[in-house]
Amino acid sequence: MVNVLIVYGTRYGAAESTAKDIADVLQDDGFHVKAVDAKAEKLGDIADYQLIIVGSGIQNHKWTEESEKFLKRFSEKLREKKLALFVCCGDAHPLTEKEEEKTKIVQEARRKYLEEKAAKYGLNPVAMGLFGGIYNFNKMPWWSRKFMQPLKKQLEAEGFKEAKSGIYDTRDLQAIRNWTKELVRK
């Protein structure tokens, strides 16, 4: 049986929920999966895992501190493993009407948050996933909520409805499942 480790850092729940969705698909395909919130649990060793998936939410153009520390700490060992990276961020679904602008924003996010992160630590992932994020206005500081208020109208104009009061989920769950199934094939 293949052992898979999923390590994630999350702020508003997108990376955590995505990690759980990935774990469900992998378990359905017969993999033994351990999902770890990098903030809640510090790992001492990764030797028992054949595939490691590291994910993060993006805020202020940065990975979560915990996921970043995991990549830095285990970068040498991760070079010897099958590795996949994913991020959840708003740039996966840019809120603009111009298609060429959307494409440019998505390409820039992939480069900045995935390709550059892998290069920074000398990693060669077999897969990199760029998924939407969760906007949780309930967890934002008051000043951020005030600044981000116009975003609610943009989200709704793009077809994203409140999942719960104050929470907008821009992830495409089927795309996450498809990415995971493609990862299994690799």
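Given the criteria closer than 30 Å to Glu158 by Cα, surrounded by fewer than 18 Cβ atoms within 10 Å (Cβ to Cβ), acidic (Asp, Glu) and without any contact (Cβ under 8 Å) to a residue 24 or more places away in the chain, does Glu108 qualify?
yes
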Discussion item. Regarding segment 112-132, can at least one residue be identified that is over 24 Å from Val25 (Cα atoms) and touching a helix residue (DSSP H, G or I) at 6+ places or on another chain (Cβ under 6 Å)?
Written reply: yes
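Inspect all residues belonging to segment 70-86 and state whether any of them is closer than 28 Å to Leu155 by Cα, in contact (Cβ under 8 Å) with a residue 12 or more places away in the chain and of a type outside the set (Lys, Arg). Step through it out loud before you land on a result.
First, the residues of segment 70-86 that are closer than 28 Å to Leu155 by Cα: 85-86.
After this cut, where a residue has to be in contact (Cβ under 8 Å) with a residue 12 or more places away in the chain as well, the list is 85-86.
Still in the list and also of a type outside the set (Lys, Arg): 85-86.
There is at least one residue in segment 70-86 that is closer than 28 Å to Leu155 by Cα, in contact (Cβ under 8 Å) with a residue 12 or more places away in the chain and of a type outside the set (Lys, Arg).
Every residue, every condition in (1) over 15 Å from Arg11 (Cα atoms); (2) not in a loop (DSSP other than H, G, I, E, B), yes or no:
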site	(1), (2)
Glu41	yes, no
Ile46	yes, no
Gly55	no, yes
Ser67	no, yes
Asp91	yes, yes
Practice prompt. Identify all residues within segment 119-159 that are at pLDDT below 90 and touching a Leu at 6+ places or on another chain (Cβ under 9 Å); write none if there are none.
Written response: Tyr135, Phe137, Leu151, Gln154, Leu155, Ala157, Glu158
Fill in: Residue list for segment 30-39, filter: surrounded by 14 or more Cβ atoms within 10 Å (Cβ to Cβ) and either at positive phi or assigned to a loop (DSSP other than H, G, I, E, B) (or both)
Phe31, Ala38, Lys39
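Among the listed residues Leu43, Leu26, which satisfies the condition of being at pLDDT 95 or above and more than 18 Å from Gly133 (Cα to Cα)?
Working: Leu43 fails: at pLDDT 95 or above.
Criteria check complete, one pass: Leu26.
The values are calculated or read from the model by the stated rules, or taken from the named source; none is laboratory data. What you see is a predicted model, and the numbers here were worked out from it, not measured in a lab. Cβ atoms come from the backbone with ideal geometry, glycine included; neighbour counts cover every protein chain shown.
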